[in-house]
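The values are calculated or read from the model by the stated rules, or taken from the named source; none is laboratory data. Note that the coordinates shown come from a computational prediction; the quantities given were computed from them, not determined experimentally. Methodologically, a virtual Cβ is constructed for each residue, glycine included, from the backbone with ideal geometry; neighbour enumeration extends over all protein chains shown.
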Amino acid sequence: MHVTRSSNSPELWWRDAVVYEVYVRSFADSDGDGEGDLAGIRSKLPYLRDLGVDALWLTPFYRSPLADGGYDVADYRDVDPRFGTLSDLDALVAATHAHGMRLLVDIVPNHTSDQHPWFQEALAGIHRDRYLFRKEPNDWRSNFGGSAWTQLPDGEWYLHLYAPEQPDLNWRNPQVREEFEDILRFWLDRGVDGFRIDVAAGLFKDPEYGNIGTLRPHEDGSPIYGRPEVHGVYRDWRRILDSYDGDRMAIGEVWTESPADFARFLRPDELHQAFTFALQLAPWSAPEFRSVVDKVLAAVRPTGSVPTWVLSSHDVVRHRTRYGSAARAHAALLFMLALPGSAYLYQGEELGLPEVLDLPEAALQDPIFARTGGLSRGRDGCRVPLPWSGSAPPYGFTAPGAEPWLPMPSDWGPLTAEAQTDDPVSTLSFYQRALRLRRALRDGLPESLEWLESPADALFFRRGPLLCALNCGSEPVRLPPHQRVLLGSTGQPGRELPGGAAVWLA
Ligand code: NOJ
């Protein structure tokens, strides 16, 4: 019999971990093909250790035609040759652990690639019941634009909540369940510390396939997301994770509007964590930030799990660009890192990278661009490869003279990791200081926070001995009483905190 390990023990590593998202294709290229790879990541582990993160989350590196950047998996048990080999993955797991960090991998259970052998069989009319085939489509829309249904030449329609190259699996088929349990074990046996679960709330659809009409896809009662059957899957997965040593964990990409729905994923025998995207979606505004934090804390508190915070990811405009300045981006980081729970960083934010807004249309690869007829330019602007060194593209990302898979701006010379290392006023040094300090403080911090009175455009809160102040306005505000300044987002503030700045106080 399996015993569920309690998620409430404060010493569990993930409860306050800082996790760094590696978008594998854009991180570091070791073989000069213009795409990042696993060996490239391994070569940068000292950089990540010095940055001060606790764990890495790798986006999908499995065999894939990359119709959606790898979220279209053709073989869940192999590494795409562009990204390396299984031995590279084994070496990366070992080296990550040797550097004192954990490694999470992405699991994509909602859909496969259309090149997956199962879908190839389905196209030939064999075992279509592993996917969602219907005689008639309904009004459901793909998240990437257009209908969620594509018709085959024989007249049947299949469902794809994303691109047509990503057919949705039928989770009511026990074979699908068994297959994924086996895939989890495959990677756990290789030593990964856990999973980020893609589209975690979407696996089951209402078997009636009613039109969605005016309902929103993630609202309660939607026929598409958050169906109750999904929880049985995560209970089974939890038992698998708990049967391994070493505090393996899973975090779900859970989009749902209702806090009660959200909390169900975090029951003690289900997922360890679920992403909350509210902070990422909020505009630069003190009252908005405060309301987001209150809502997330209220939703998570009854579960015994911890909140998770995200400012940037491979799916949204980089927060430096969203907030309009590097100063605000630094302030937002201090605010986020002072909150209880764990924080997920996205590669390149530690270099202060902006969104690349002027990629030529011919270079765009995100299916959203084509599926919306160019109405949305898609997510490529935050997926531009990282600049490591030198003063011209490809800035050490790939071999000199090689073409990175997305063009890199010509003015990123000052943003390279090399240029920022040992520069005390660089964004990289600021991230290192903030992460070091968070690590030093964290054992003494309660998992809750207390708001203090503040001017309308500012937020002050306390967690035990740590006080965080954020000024979203443009006028300076007077800081609350404190003993000393631990870290400021713009130099050392005096008694006043300038607009667009944050500070940690003792
Ligand atoms: C969420 C992933 O983060 C995103 O990049 C992907 O396109 C969709 N899920 C579909 O897999």
Subject >> Of all residues in segment 105-152 being within 13 Å of the ligand (Cβ to nearest atom) and outside any loop (DSSP other than H, G, I, E, B), the one that is surrounded by the fewest Cβ atoms within 10 Å (Cβ to Cβ) >> reply: 106
Original post:
So which of 327, 332, 362, 370 is part of a helix (DSSP H, G or I) and at pLDDT below 95?
Top reply: 370
Subject >> Positions within segment 160-197 being assigned to a strand (DSSP E or B) and farther than 15 Å from residue 127 by Cα, in sequence order >> reply: 194, 195, 196, 197
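Here's the yes/no breakdown for (1) more than 20 Å from the chain's Cα centre (by Cα); (2) free of Cβ contacts under 8 Å to residues at least 60 places away in the same chain; (3) not in a loop (DSSP other than H, G, I, E, B):
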residue	(1), (2), (3)
39	yes, yes, yes
50	yes, no, yes
73	no, yes, no
81	yes, yes, no
87	yes, yes, yes
90	yes, no, yes
96	no, yes, yes
103	no, no, yes
Subject >> Candidate set from segment 388-401 (those that are small (Gly, Ala, Ser) and surrounded by 16 or more Cβ atoms within 10 Å (Cβ to Cβ)); member that is farthest from the ligand (Cβ to nearest atom) >> reply: 390
**OP:** Output yes when any residue across segment 481-501 is among the polar types (S, T, N, Q), closer than 30 Å to residue 28 by Cβ and assigned by TED's automatic domain parsing to the domain that holds residue 346, and no when none is.
**Re:** no
Original post:
residue 344 passes all but one of (1) touching a Cys at 6+ places or on another chain (Cβ under 8 Å); (2) outside any helix (DSSP H, G or I); which number fails?
Top reply: (1)
Original post:
Give me the pairs: first residue in segment 375-395 and acidic (Asp, Glu), second residue assigned to a loop (DSSP other than H, G, I, E, B), beta-carbon distance under 8 Å, and six or more apart or on different chains, which are they?
Top reply: 380/356; 380/359; 380/364; 380/365; 380/366; 380/406
Original post:
Does segment 28-46 include one or more residues that are farther than 20 Å from residue 251 by Cα, surrounded by fewer than 20 Cβ atoms within 10 Å (Cβ to Cβ) and within 16 Å of the ligand (Cβ to nearest atom)?
Top reply: no
Subject >> Which listed residue, of 312, 305, is in contact with a Lys or Arg (Cβ under 8 Å, 6 or more places away or on another chain), assigned to a loop (DSSP other than H, G, I, E, B) and not charged (D, E, K, R) >> reply: 312
Original post:
Does segment 297-328 hold any residues that are over 18 Å from residue 449 (Cα atoms), small (Gly, Ala, Ser) and in contact (Cβ under 8 Å) with a residue 60 or more places away in the chain, and which are they?
Top reply: 312, 313, 325, 326, 327
Original post:
How many of the residues making up segment 388-431 are touching an Asp or Glu at 6+ places or on another chain (Cβ under 7 Å) and assigned to a helix (DSSP H, G or I)?
Top reply: 4
**OP:** Give just the number: which of (1) surrounded by fewer than 22 Cβ atoms within 10 Å (Cβ to Cβ); (2) within 16 Å of the ligand (Cβ to nearest atom); (3) charged (D, E, K, R) does residue 156 not satisfy?
**Re:** (2)
Original post:
Restricting attention to segment 284-291, does a residue exist that is part of a helix (DSSP H, G or I), outside the structural domain of residue 471 (by TED's automatic domain parsing), closer than 21 Å to residue 13 by Cα and more than 16 Å from the ligand (Cβ to nearest atom)?
Top reply: no
**OP:** Quickly run through segment 60-91 and pick out the residues that are of a type in the set (A, V, I, L, M) and within 16 Å of the ligand (Cβ to nearest atom).
**Re:** 66, 67, 73, 74
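Of these, 454, 391, which one is among the polar types (S, T, N, Q) and more than 23 Å from residue 356 (Cβ to Cβ)? Give the derivation first.
Values: 391 fails: more than 23 Å from residue 356 (Cβ to Cβ).
Matching residue, one of 454, 391: 454.
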Subject >> Hits in segment 315-324 - residues which are among the basic types (Lys, Arg) and either in a loop (DSSP other than H, G, I, E, B) or within 16 Å of the ligand (Cβ to nearest atom) (or both) >> reply: 318
Subject >> Every residue from segment 346-387 that is on the phi > 0 side of the Ramachandran plot and either within 13 Å of the ligand (Cβ to nearest atom) or of a type in the set (S, T, N, Q) (or both) >> reply: 378
**OP:** With the checklist (1) charged (D, E, K, R); (2) within 16 Å of the ligand (Cβ to nearest atom); (3) more than 21 Å from the chain's Cα centre (by Cα) in hand, flag the one item residue 182 doesn't pass.
**Re:** (2)
